Every structure is written in C-alpha cells, then in structure tokens.
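A.B. asks: Have a look at the structure that comes next, please.
All of the numbers you see were taken from the coordinates with simple rules; none came from a lab. In this text, all values refer to a predicted model and were calculated from it rather than measured experimentally. In this analysis, Cβ positions are derived from the backbone assuming ideal geometry, glycine residues included, and neighbour counts consider all displayed protein chains.
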Amino acid sequence: TGVTQSPTHLIKTRGQQVTLSCSPISGHRSVSWYQQTPGQGLQFLFEYFSETQRNKGNFPGRFSGRQFSNSRSEMNVSTLELGDSALYLCASTTRVASFTDTQYFGPGTRLTVL
Amino acid sequence: QKEVEQNSGPLSVPEGAIASLNCTYSDRGSQSFFWYRQYSGKSPELIMFIYSNGDKEDGRFTAQLNKASQYVSLLIRDSQPSDSATYLCAVTHNNQAGTALIFGKGTTLSVSS
C-alpha cells in the first residue's frame, strides 16, 4: 500500500485549528510534509524521522507536527489564515543509494479556509 | 536562497514527438535530482531520479544531469496524450539533518493527438 492521508478535504474558518494525518509506506521511517499553492508551488514544511523533527522549512510556528512510534505523522495548523488554503502533501521516504533518498507522495489533503 | 527554475510553459508537442523539459538549480551542493509528474487535481508521482552526471534512461524517459552547468533535463520520447501533465523538478541537498525537496514551479506539457 502507498502513503495514505486523511481527511481528503477539509473546510475551516479563520482562527480555527486543524490536524491532518499521514501514514507512510510500510517500513518507511521518515515522513515529510509539503504545502502546495498555485502561487508558491510546493514548499517543504518539515520532516520527521524516528519521532524526531530533523528538518524544518521556513514556515511560522503555527505549523507544527509530530510522529508516532508506528511512523504515522500528524501536522497541525493553529489560528488558520486565508493564505493557509492549500493542498497539504505528505511524503514517505526511502533510501535508494548511499546518499539518495526518494520521496513518495500521498494523495494530499485539500484545506480550504473561509 | 536555494532555487530551482523551470519554464512554466505550456510546452506543446504533437503525439510521437520528443518533449524536452529543462531545470536549473542554484545550490552547487545539491546532490540528488528528481522529476515528478503531477496530473491536475492529483499528487506528484515520482518518474525518475538521478545523482551522477550524464544520462539515465527508463523506458521512454531519459534524465540528463550536468552538475558543472547546474542543469537537469527530462526527455520524453514518443510523447503520448497521457503524458500531458505538469512536470516538477526537485533537488535535495542531503545533510545530517535530513533531506528536503526543493521544487521548481513546474512545466506544463500538452501533447496533442
């Protein structure tokens, strides 16, 4: 099975918070999160490995995440803003060469903030 | 600021032709390079990765890497209407803190029958 994400779609209002979930491919221990918007494209949010955040992009502290012992991951966005409307993608990572990791994306969660 | 640049397109080619997609990157420390395909309304799908200078072929797809010129390309031979999608170039600068894909904004390819 591939990467799974839930929910598929979500509608929230400004000021609310939201939690998105991701289950990586079985055996993959690293999960990354990305935000995709028409204007900015795909942007890296953060990466988790063995329940620890090991890399972080340039997003405000309202964006946070965590990873559980079974490698499942959640990301949370607090105090939602209209600009947070986006497709949120989770990627599962596996090493394919000595210094090359490949990332496989889930179907994404479409968040709309009204 | 690490950047990845792609022509937004649209790149239009007739069915059966070769489509050439190009990408440049700014960070000389970049080590691995990826091409993803994204259909409208779907998530990105990995097509190929390359990390050594030269060509890498997989079926109708060939990735080309020139680290000296900081240039990556994707050739699609015998283009089909089903290849019509947005193609995203991504690079990583692996470090001990993990990896993060830096994406270009994508090139839209349209293959006409």
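A.B. asks: Around residue A:111, what is the net charge, scoring Lys/Arg as +1 and Asp/Glu as -1 over all other residues with Cβ under 9 Å from its Cβ? Write out the running numbers ahead of the final one.
C.D. replies: Working: positive: A:12, A:110; negative: A:84.
It works out to a net charge of +1.
A.B. asks: If one computes the Cα centroid of segment A:39-67 and of segment B:1-79, what distance in Å separates the two points?
C.D. replies: Their Cα centres are 25 Å away from one another.
A.B. asks: Then there is this: Nothing charged except the Cβ atoms of Lys and Arg (+1) and of Asp and Glu (-1): what's the magnitude of the dipole of the protein assembly as shown about its Cα centre? Round to the nearest 20 debye.
C.D. replies: Numbers: 19 positive and 16 negative charges, 107 e Å.
Computed charge dipole of the protein assembly as shown: roughly 520 debye.
A.B. asks: Add +1 for every Lys or Arg and -1 for every Asp or Glu among the other residues with Cβ under 11 Å from the Cβ of residue A:12, and state the total.
C.D. replies: On the way: positive: A:14; negative: A:81, A:84.
With Lys, Arg at +1 and Asp, Glu at -1, the net is -1.
A.B. asks: Another one. Treating only the Cβ of Lys, Arg, Asp and Glu as charged (+1, +1, -1, -1), what charge dipole size does chain B show about its Cα centre? Round to the nearest 20 debye.
C.D. replies: Details: 9 positive and 10 negative charges, 45 e Å.
Value, rounded to 20: 220 debye.
A.B. asks: On to the next question. All other residues with a Cβ under 11 Å from the Cβ of residue B:88 taken together, and with Lys, Arg as +1 and Asp, Glu as -1, what is their net charge?
C.D. replies: Around residue B:88, the surrounding residues sum to +1.
A.B. asks: Right, another one. Among the listed pairs A:12/B:42; A:56/B:56; A:56/B:67; B:2/B:42, which have their C-alpha atoms separated by more than 24 angstrom in this model? Show your work: numbers first, answer last.
C.D. replies: Values: A:12/B:42 21 Å; A:56/B:56 31 Å; A:56/B:67 26 Å; B:2/B:42 26 Å.
Too far apart for the 24 Å limit: A:56/B:56; A:56/B:67; B:2/B:42.
A.B. asks: Return the Cα extents of segment A:1-102 along principal axes one, two and three, sorted largest first, each rounded to a whole Å.
C.D. replies: Ordered largest first, segment A:1-102 gives principal extents of 43, 25, 23 Å.
A.B. asks: Going toward the positive end of the dipole of the protein assembly as shown, with +1 on Lys and Arg Cβ and -1 on Asp and Glu Cβ, which of A:26, A:70, A:94 do you reach last?
C.D. replies: A:70
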